[in-house]
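Note sheet for the following structure.
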Amino acid sequence: MQSTIERFLRYLHVERNAAELTIKSYREDLVALVEYLSEDESPPQPSSITPLDLRGYVAALHEAGYAKSSVSRRLASLRSFFRFAQREGLVDSNPAKPLRNPRRDRKLPHFLSTAEIGKLLSAPAVHQDLGLRDRAILETMYSAGLRVSELVGVNDADIDWSMGTARIRGKGKRERIAPIGSFARSALESWLGVRELADDEDHGSTSPIFTNKFGRRLTTRSVGRMLEKYLKQTGLDRRTSPHTLRHSFATHLLDRGADIRSVQELLGHKSLVTTQIYTHVSTAGLLRIYEKAHPRGRGEMTKD
């Protein structure tokens, strides 16, 4: 086994021109496997190692508290090693091939509470033209759950004022109809009353709703910088990004009883699986409320 490992590492160095740190990582991963398999007997031959042996090794890594990313990296090392051994005729098959990487935990999206949203939306100074624009941007993103790229792509013709909706062009050129609530509508009307378009912009139906101080279509980067200014002004969590408003939109809808299929449609998600992350956020919030309020939650229990 050890000689095969050395041959594999030489192959990485000579034929693959791998970096020293990469080779070091492969060596450590393979030595760890040999140590695990040699606990009760002499080091095995590569040809005698089975998928069952490797499953036991992966289980031991999990029990030892290794992160899922670390387990996945070690599995990748084993697959490469046994692929090399198979190519060299040292094993008949790759015992690491049937093993699947552990499913990575999905991070819960950061979102703002309704009180924090209210604080953010009221931050722009509406006695200034750009303040009116910024209020309209924030209100529209939260009202419709828009991605920032969708927001800056909205044109005059996309707004249906009679229905209170906007036609949104999302990922993969998919279109959807998004609601524009009364607060967002009022903010949009105020902004459009002072908006000035540059001479080289289309002044027809494809003119952009949101423009910069030169009258040209706003960029996603400009929206990000604008938000940073108001986060600093309000003292809200600096992790907040334009996408946080979309996360907050979905979370608040579910918290107030919206069904997940409707939220999927509103967000323009192709798969329900993508939307389900917000049910975890909503459940986490409910659990915090339960633990705080229930006399026999995780907090201090009171006597009957």
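We did not get these values from a lab; they are worked out from the coordinates using the rules stated. Since the structure is predicted, the reported quantities are computational estimates derived from the model, not experimental observations. Cβ: placed from backbone, ideal geometry, glycine included. Neighbour counts: every protein chain shown.
What's the angle, to the nearest 10 degrees (0 to 90), between helix 129-144's Cα axis and the longest principal axis of the chain?
60 degrees
Non-local amide H neighbours of Phe210 (under 5 Å, H modeled in plane, Pro and chain starts lacking H): which ones?
Correct list: Leu218.
Compute the helix-to-body angle for 2-14: its Cα long axis versus the longest principal axis of the chain, expressed 0 to 90° and rounded to tens.
Result, in degrees: 50.
Please grab the % of Cα pairs in segment 183-288 that end up more than 25 Å from each other.
The proportion of pairs with Cα distances above 25 Å equals 42 percent.
How large is ³J(HN,Hα) for each residue in segment 70-82, as worked out from phi by the Karplus curve 6.51 cos²θ - 1.76 cosθ + 1.60 (θ = phi - 60°), to whole Hz, x for Gly and Pro?
Listing the rounded values in order: 5, 5, 4, 5, 5, 5, 4, 4, 5, 4, 5, 4, 6 Hz.
Over segment 2-87, calculate the relative contact order: mean separation of alpha carbon pairs under 8 Å at least 6 apart, over the residue count, as a percent.
Reported relative contact order: 33 percent.
Report relative contact order for segment 36-183 in percent, whole number only (criteria: Cα-Cα under 8 Å, sequence separation at least 6).
After rounding, I find 13 percent.
From the square roots a ≥ b ≥ c of the eigenvalues of the alpha-carbon gyration tensor of segment 144-238, which class results: rounded (a/c under 1.5), prolate (a/b over b/c), or oblate?
Cα axes put segment 144-238 in the rounded bin.
Roughly how big is the chain's charge dipole about its Cα centre, with Cβ charges of +1 (Lys, Arg) and -1 (Asp, Glu), in debye to the nearest 20?
Computed charge dipole of the chain: roughly 60 debye.
How large is the convex hull of the C-alpha atoms of the chain per residue, in Å³?
It comes to 238 Å³ per residue, whole-number rounded.
Please list the equivalent ellipsoid semi-axes of segment 2-87, computed as the square roots of five times the alpha-carbon gyration tensor eigenvalues, in descending order and whole angstrom.
Whole-Å semi-axes of the equivalent ellipsoid: 21, 16, 11.
Note the angle between two axes, namely the Cα long axis of helix 242-255 and the longest principal axis of the Cα atoms of the chain, as a number of degrees from 0 to 90, rounded to the nearest 10.
90 degrees
Suppose every Lys and Arg Cβ carries +1 and every Asp and Glu Cβ carries -1, with no other charges. What dipole size does segment 114-292 come out with about its Cα centre, to the nearest 20 debye?
Roughly 680 debye for segment 114-292.
Once the mean 1/r over all distinct Cα pairs of segment 114-292 is inverted, what Kirkwood radius in angstroms do you read off?
Here the Kirkwood hydrodynamic radius works out to 17.0 Å.
If each DSSP helix of 4+ residues adds -39,500 (n - 2.57) and the sum is divided by the residues in the chain, what number results at 222 nm, nearest 500 deg cm²/dmol?
Dividing the helical sum by the residues of the chain leaves -16500 deg cm²/dmol.
Rounded if a/c is under 1.5, else prolate if a/b beats b/c, else oblate: with a ≥ b ≥ c from the C-alpha gyration tensor eigenvalues square-rooted, which is segment 210-251?
oblate
Obtain the nm distance between the two label points defined at Gln276 and Glu228 by a simple spin-label model: each point lies 7 Å from its Cα along the Cα-to-C-beta direction.
Placing both labels 7 Å along Cα→Cβ, they lie 3.7 nm apart.
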